[in-house]
Amino acid sequence: MVLVLRAGQRRLFTWPISICLSLARLLSHSKSHRNASWMVEAPLHFENLSGARGVQLRRQTFNLIAGNQYLSNGRKNLILQLNPTFDASHNRDRRTSPPDSACFPGTREDVIQAITSWADTKIVLCKTPVVHVYWFHGFAGSGKSAISLEIAKIYAGSGRLLASYFFFRNAGDRRRMNRFAATLAAQMVAAVPATASFIEAALDVEPGLLTRGVSLTVQLERLVYEPFQAALERGLVHLKGPFVIVVDGLDECEDKQGVVDFIDHMLDFFKTHPSFPLRFFIASRVEEHIRTRLTNDVVLLCDLNNYSADEDIEMFLQASFRDATANDRVIQSYVRAHGKWPTKPGMNKLIRHINGSFVLASMIFKIIVQPATKEDPSTPMERLPLALEMNGLDSLYAQTLARSQHLPHCRNIISTVALLQRPLPIVGIANLLGIEAFEVVHVLLNLQAIVHVPGTDERGNVTLCHTSLCDFLTTESRSGCFFVPPSFHLQLSYYCFSLGFETGDRPARTYGWQFYRAHWLAFSQPKACDFIDEIERFKAQACQSLHVNRLPYHAFLCTLFCYPFFLNASRISVGLSYLLTECVKQLALAAECPDPRIKLWLEDQLPGYWANLEQGRTYQFTVHTYGALQHNLQRASTAIRANVFVSQFYSSVVLYN
């Protein structure tokens with residue numbers, strides 16, 4: 001015998017206890033008489049113009065196009081209308097928007113010379129085609145981002161930098177292609193003001209050009225290539241040489257198809273326009289979806305590993321140890337008693353051990369000279385030989401993390417920093433985890449060699465110093481006891497969801513509203529983890545931490561279990577029968593909770609999900625499942641009638657033999 005349940009239809013006979021499939025209609029009456037919670041309606045969000053000067057915003061017109069908010073004041077606020085990612089350019093604050101890497105003065109000169117020689121090649125009529133794209137690749141920590149920054153600075157100084165974009169994993173929009181084209185266009189407006197009118201014209205012709213429904217290639221065509229080309233053809237651009245666009249960390253963009261589309265479209269454009277005065281400098285690791293597109297005759301390839309970095313690293317270390325000696329009385333006393341430190345043989349061993357990795361050189365130096373602690377009272381002179389025993393970055397990361405391993409909440413803090421969709425300040429991390437800010441600081445201060453710790457709790461974000469640390473933490477075979485499992489996304493999703501029902505202006509609330517679904521989806525991916533086992537483990541852990549003042553987890557699970565019913569179910573690793581059964585069970589448990597926030601959830605938040613349920617969809621269950629559904633729906637109905645004063649609601653049940 002199979003049960004077929006139809007949602008949203010009044011046929012055959014009514015079943016007044018099946019509230020979970022018509023809750024949206026049911027609670028809409030009560031919702032109309034009170035303010036909706038923040039989960040239902042998103043607040044407007046505006047970003048600062050970092051580094052802007054003389055910006056004036058007088059009377060503004062607010063526009064909402066397909067969910068994207070932007071400001072517009074006629075044609076005067078084009079950059080605001082484009083809504084770019086401001087922290088993606090080369091002149092961002094690298095301390096809060098990594099990667100925080102720059103070439104040490106006097107280093108990497110031969111590499112930079114080769115790149116500028118390519119970029120400065122003028123287009124002439126000859127048989128040899130001009131190479132418009134330079135792909136610069138190398139291993140993690142070899143200094144690619146530092147060189148990209150230097151190239152951007154050089155051409156910004158000469159007035160030939162059209163735009164720069166530094167992708168970075170776990171950095172909000174910088175991890176995706178969503179605002180890539182708009183960000184390039186906004187920077188181009190600043191670099192070549194003559195392009196502004198053509199971009200405005202494109203937005204007038206296609207008002208939805210900035211929405212997510214428009215493909216990346218169309219946005220690049222309309223907002224970057226065509227406006228620049230139009231300004232050139234009308235003689236509005238003073239050409240001192242080809243313009244340059246710098247794209248760094250392309251491998252860190254999680255939208256692999258978007259990366260492929262960008263590369264293919266770029267190469268097709270230059271094939272059609274071989275004399276176009278524009279160069280793309282692209283730096284990345286060798287990822288397959290990038291390599292297969294860029295390994296061809298129309299792209300100049302450069303392997304950074306072919307350039308020896310030993311002399312440059314020695315120059316960096318000599319200067320760094322010299323500065324450390326000038327500021328450390330312990331080192332000064334040692335030098336007076338024993339002579340120069342590090343010794344020449346010791347420096348040579350260190351350089352050989354570093355083996356060309358600038359990030360390893362930087363981190364090893366920080367570990368050697370970091371202040372002594374109660375847990376690690378050793379001196380810099382004692383740490384230097386220990387550093388030579390570290391087996392590359394993985395050993396360095398493990399040894400540094402061990403300094404805080406014994407502290408309360410260390411695992412949760414490190415896991416949170418590694419998996420956040422965008423960075424948060426110290427107080428934001430504390431709010432999210434339900435702990436005190438000083439507890440976060442206590443853990444992070446020991447990790448400053450590998451984690452950027454802002455100077456204040458409220459301002460500045462906590463970020464990993466290098467993407468390779470995130471790779472280390474999320475790869476169990478490398479990180480061992482420091483492994484951050486994908487299942488931690490479930491915890492983060494719950495923490496984010498719960499913040500929506502907290503009182504007060506807590507720094508992490510906006511983050512929670514924006515990303516609780518993203519963390520849930522990251523957890524529920526088919527290859528992420530064992531979905532059902534992790535759910536049961538989460539329930540057990542939640543029951544053990546009831547002292548934490550969060551929304552009862554039953555409401556969270558009910559909400560997220562119903563999410564796949566109006567999402568592409570193929571993205572979830574379990575069947576809809578399990579999800580609906582668990583959803584109704586958690587609904588009953590939530591409705592029976594005495595927590596006053598449950599009523600708010602029932603009235604204002606849950607209906608937003610069920611309103612999206614596909615009408616007339618058929619679900620089939622076994623008799624056993626039907627019995628469980630009936631029992632829990634009766635419980636939920638009784639509890640909701642006590643919590644929310646509503647008239648009636650309907651769903652239809654058709655029973656076939």
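The values are calculated or read from the model by the stated rules, or taken from the named source; none is laboratory data. Quantities reported herein were computed from a predicted structural model and do not represent experimental measurements. Glycine gets a Cβ as well: all are built from the backbone with ideal geometry, and neighbour counts include every protein chain shown.
Quick check on my filter: what residues within the range 78-91 are part of a loop (DSSP other than H, G, I, E, B) and surrounded by 19 or more Cβ atoms within 10 Å (Cβ to Cβ)? Those that are part of a loop (DSSP other than H, G, I, E, B) and surrounded by 19 or more Cβ atoms within 10 Å (Cβ to Cβ): 83, 84, 85, 89, 90. Can residue 468 be described as buried (at least 18 other Cβ atoms within 10 Å of the Cβ), under 24 Å from residue 536 (Cα atoms) and not hydrophobic (A, V, I, L, M, F, W, C)? No.
Of the set (1) at pLDDT below 80; (2) in a helix (DSSP H, G or I); (3) closer than 28 Å to residue 294 by Cα, all apply to residue 30 but (3).
In the range 71-93, of all residues being modelled with pLDDT of 90 or more and either hydroxyl-bearing (Ser, Thr, Tyr) or in the same structural domain as residue 211 (by TED's automatic domain parsing) (or both), the one that is farthest from the chain's Cα centre (by Cα) corresponds to 89.
In the range 278-290, the count of residues that are in contact with a Phe, Trp or Tyr (Cβ under 9 Å, 6 or more places away or on another chain) and surrounded by fewer than 18 Cβ atoms within 10 Å (Cβ to Cβ) is one or more. Entry remark, the range 280-304: residues being under 28 Å from residue 160 (Cα atoms) and either among the basic types (Lys, Arg) or not in a loop (DSSP other than H, G, I, E, B) (or both) number 16 in total. Note on the range 121-142: residues that are within 24 Å of residue 308 (Cα to Cα) and at pLDDT 90 or above total 5. When residues in the range 269-285 are screened for being free of Cβ contacts under 8 Å to residues at least 60 places away in the same chain and either closer than 18 Å to residue 188 by Cα or touching a helix residue (DSSP H, G or I) at 6+ places or on another chain (Cβ under 9 Å) (or both), 2 of them pass. Residues in the range 325-365 that are part of a loop (DSSP other than H, G, I, E, B) and free of Cβ contacts under 8 Å to residues at least 40 places away in the same chain: 4 in all. The residues on offer are 413, 435, and the sole one that is within 22 Å of the chain's Cα centre (by Cα) and either among the β-branched types (Val, Ile, Thr) or surrounded by fewer than 16 Cβ atoms within 10 Å (Cβ to Cβ) (or both) is 413. Selection of the range 128-163 for residues being within 16 Å of residue 116 (Cβ to Cβ) and free of Cβ contacts under 8 Å to residues at least 40 places away in the same chain yields only 157.
Applying the set (1) within 20 Å of residue 486 (Cα to Cα); (2) in contact with a His (Cβ under 7 Å, 6 or more places away or on another chain) to residue 421 leaves exactly one unmet item: (2). Applying the set (1) within 24 Å of residue 139 (Cα to Cα); (2) buried (at least 18 other Cβ atoms within 10 Å of the Cβ) to residue 298 leaves exactly one unmet item: (2). If only residues of the range 482-512 that are at pLDDT below 85 and not β-branched (Val, Ile, Thr) are counted, the one that is farthest from the chain's Cα centre (by Cα) is 504. Output the residue which, of all residues in the range 165-212 that are part of a helix (DSSP H, G or I) and of a type in the set (Lys, Arg), is farthest from residue 90 (Cα to Cα). Filtering first and then ranking leaves 175. The set of residues from the range 235-250 being in contact (Cβ under 8 Å) with a residue 40 or more places away in the chain and not in a strand (DSSP E or B) comprises 236, 237, 240, 241, 242, 249, 250.
Quick test for you: out of 459, 422, 478, pick the one residue that is part of a loop (DSSP other than H, G, I, E, B) and touching a helix residue (DSSP H, G or I) at 6+ places or on another chain (Cβ under 6 Å).
Matching residue, one of 459, 422, 478: 422.
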